[in-house]
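**Student:** So that we are looking at the same thing, I have put the structure below in structure tokens.
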Amino acid sequence: MLDHEWFCERAEKEISAFAAAAAVAQMYPAAHVPTCPDWTVADLIRHTGQIHRWVTVIIETEAAARMPFPDVDSPWASAAGWAQWVDDGAAPLLDALRSAGPLTPVWSWGPGRTSGWWARRMLHETTVHRADLELAVGVADPDIDPVVAADGIDEFLFNLPSARRPYPHLASLPTGASLHLHATDTDGEWVIRFTDSGIAWERGHEKATTAIRGPVTSLLLFTCGRLPVSDPRLASFGDQSIPALWQQKTAQ
């Protein structure tokens, strides 16, 4: 069962893995992040560490409205301090989430507005950005736990209609078309239908306009716009325009 403590434990592991990647990335501070085209590795590390500190404040203060992003503190000034800076943000975040438990009411940009929503979000925010960072420093195939990856697809689809950037574009997906994701290494299938107002989705098997098969980690990275459908780890069947449209319209 994926309960609050499970999300906290996994988020803690992912932050440690992100810090390890940051220690490698310090040698390439200006390196381009191919999966986040406007960012260098420095931008990506700063963003992720800021998110952790921002959410800590939201949870600790039981914020009822969006809080401003915190300033970047001094260890950020040197690339040699990046990994420690990321690590330093972990304990306050995890302490706040564990102390709050899953049901404390707080502001969130997605549905739920609880501390539990943020525990899950911090796991997947960190996981995907850890993959971004590893890809930027030459790791060809980031390792993501299959259970985390499958829940990451669920969480992405659950929150997508609330995400600020893609929301206006979801209704421009071709109404009546659909996308079927089929994991080949675990028990996971998703059907995403394009509707007049956006998307509807569920776990399950159904004939769709386009079907994509592959390892669940690759499906997660595709769903989040990090991996093109042409990647050899994926196999696509049906209308080949749909995957590109999906990534274009759901870009965050």
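**Student:** Cβ-Cβ under 6 Å, sequence separation 6+ or interchain: first residue in region 3-15 and touching a residue at least 24 places away in the same chain (Cβ under 8 Å), partner among the basic types (Lys, Arg) and open to solvent by less than 20 Å² (accessible area, probe 1.4 Å). Which pairs?
**Tutor:** Matching pairs, first to second residue: Glu14/Arg130.
**Student:** Let me ask another. Which is over 20 Å from Ala251 (Cα atoms), part of a loop (DSSP other than H, G, I, E, B) and in contact with a helix residue (DSSP H, G or I) (Cβ under 7 Å, 6 or more places away or on another chain), of Asp143, Asp185?
**Tutor:** After applying the criteria, what remains is Asp185.
**Student:** Got a sec? Which of Gly116, Gly81 is of a type in the set (Gly, Ala, Ser), assigned to a helix (DSSP H, G or I), without any contact (Cβ under 8 Å) to a residue 24 or more places away in the chain and open to solvent by less than 30 Å² (accessible area, probe 1.4 Å)?
**Tutor:** Selected residue: Gly81, the only one of Gly116, Gly81 that is of a type in the set (Gly, Ala, Ser), assigned to a helix (DSSP H, G or I), without any contact (Cβ under 8 Å) to a residue 24 or more places away in the chain and open to solvent by less than 30 Å² (accessible area, probe 1.4 Å).
**Student:** Looking at the structure I just gave you, is Thr35 among the polar types (S, T, N, Q), under 21 Å from the mean Cα position of the chain (by Cα) and either open to solvent by 20 Å² or more (accessible area, probe 1.4 Å) or closer than 26 Å to Phe222 by Cβ (or both)?
**Tutor:** Yes.
**Student:** Just one of (1) open to solvent by 60 Å² or more (accessible area, probe 1.4 Å); (2) outside any loop (DSSP other than H, G, I, E, B); (3) touching a helix residue (DSSP H, G or I) at 6+ places or on another chain (Cβ under 7 Å) trips up Lys13, so point out which.
**Tutor:** Only one criterion in (1) open to solvent by 60 Å² or more (accessible area, probe 1.4 Å); (2) outside any loop (DSSP other than H, G, I, E, B); (3) touching a helix residue (DSSP H, G or I) at 6+ places or on another chain (Cβ under 7 Å) is unmet by Lys13, namely (3).
**Student:** Identify, please: which residue in region 200-216 is without any contact (Cβ under 8 Å) to a residue 24 or more places away in the chain and in a strand (DSSP E or B) and is, among those, nearest to Leu170 (Cα to Cα)? Can you show your working first?
**Tutor:** First pass over region 200-216, keeping only residues without any contact (Cβ under 8 Å) to a residue 24 or more places away in the chain: 200, 202, 204.
From what is left, the residues that are in a strand (DSSP E or B) are 200, 202.
Details: Ala200: 11, Glu202: 17 Å.
Here the answer is Ala200.
**Student:** Related question: Show the residue pairs that are 6+ apart or on different chains and have beta-carbon atoms under 6 Å apart, the first residue being within region 31-45 and without any contact (Cβ under 8 Å) to a residue 40 or more places away in the chain, the second being of a type in the set (A, V, I, L, M, F, W, C) and surrounded by fewer than 17 Cβ atoms within 10 Å (Cβ to Cβ).
**Tutor:** So the pair list comes out as Thr40/Ala30.
**Student:** To continue, here is another question. Based on this model, can you work out whether Val86 counts as surrounded by 14 or more Cβ atoms within 10 Å (Cβ to Cβ), among the hydrophobic types (A, V, I, L, M, F, W, C) and in contact with a strand residue (DSSP E or B) (Cβ under 7 Å, 6 or more places away or on another chain)?
**Tutor:** So Val86 does not fit the description; no.
**Student:** I need the full set of residues from region 217-244 which are in a helix (DSSP H, G or I) and open to solvent by 50 Å² or more (accessible area, probe 1.4 Å), in order please.
**Tutor:** Ala244
**Student:** Another question about this same structure. At pLDDT below 95 and open to solvent by less than 50 Å² (accessible area, probe 1.4 Å): is that true of Thr250 in this structure?
**Tutor:** Taking the combined requirement at face value, the residue satisfies it.
**Student:** Can you tell me which residue within region 18-32, out of those that are surrounded by 16 or more Cβ atoms within 10 Å (Cβ to Cβ) and outside any helix (DSSP H, G or I), is modelled with the lowest pLDDT?
**Tutor:** Gln26
**Student:** Within region 156-170, restricting attention to residues that are in a loop (DSSP other than H, G, I, E, B) and open to solvent by 50 Å² or more (accessible area, probe 1.4 Å), which residue is farthest from Gln240 (Cα to Cα)? Don't jump to the end; show me each part of the working.
**Tutor:** So in region 156-170, the residues in a loop (DSSP other than H, G, I, E, B) come out as 163-166.
Filter again for open to solvent by 50 Å² or more (accessible area, probe 1.4 Å), leaving 164-165.
Working: Arg164: 27, Arg165: 24 Å.
The extreme case among them is Arg164.
**Student:** Take the residues in region 195-216 that are out of contact with any Ser or Thr (no Cβ under 9 Å at 6 or more places or on another chain) and either under 14 Å from Ile153 (Cα atoms) or of a type in the set (Phe, Trp, Tyr) (or both), then tell me which one is most open to solvent (accessible area, probe 1.4 Å).
**Tutor:** The extreme case among them is Arg203.
**Student:** Could you say which residue among Ile192, Ile153, Ile144 is over 13 Å from the mean Cα position of the chain (by Cα), surrounded by 21 or more Cβ atoms within 10 Å (Cβ to Cβ) and at pLDDT 95 or above?
**Tutor:** Sole residue among the options that is over 13 Å from the mean Cα position of the chain (by Cα), surrounded by 21 or more Cβ atoms within 10 Å (Cβ to Cβ) and at pLDDT 95 or above: Ile192.
**Student:** Given the options Ile58, Ile51, name the one that is open to solvent by less than 10 Å² (accessible area, probe 1.4 Å), under 17 Å from Arg120 (Cα atoms) and either out of contact with any Gly (no Cβ under 7 Å at 6 or more places or on another chain) or part of a loop (DSSP other than H, G, I, E, B) (or both). Before you say what the answer is, go through the steps one by one.
**Tutor:** Details: Ile51 fails: open to solvent by less than 10 Å² (accessible area, probe 1.4 Å).
The match here is Ile58.
The values are calculated or read from the model by the stated rules, or taken from the named source; none is laboratory data. Note that the structure is a prediction, hence the values are computed from the model and not measured. Quick reminder, even Gly has a Cβ in these numbers, built from the backbone with ideal geometry, and neighbours come from all protein chains shown. Calculation scope for accessible area: heavy atoms of the full protein, side chains included, ligands and nucleic acids excluded. Shrake-Rupley method; radii C 1.70, N 1.55, O 1.52, S 1.80 Å.
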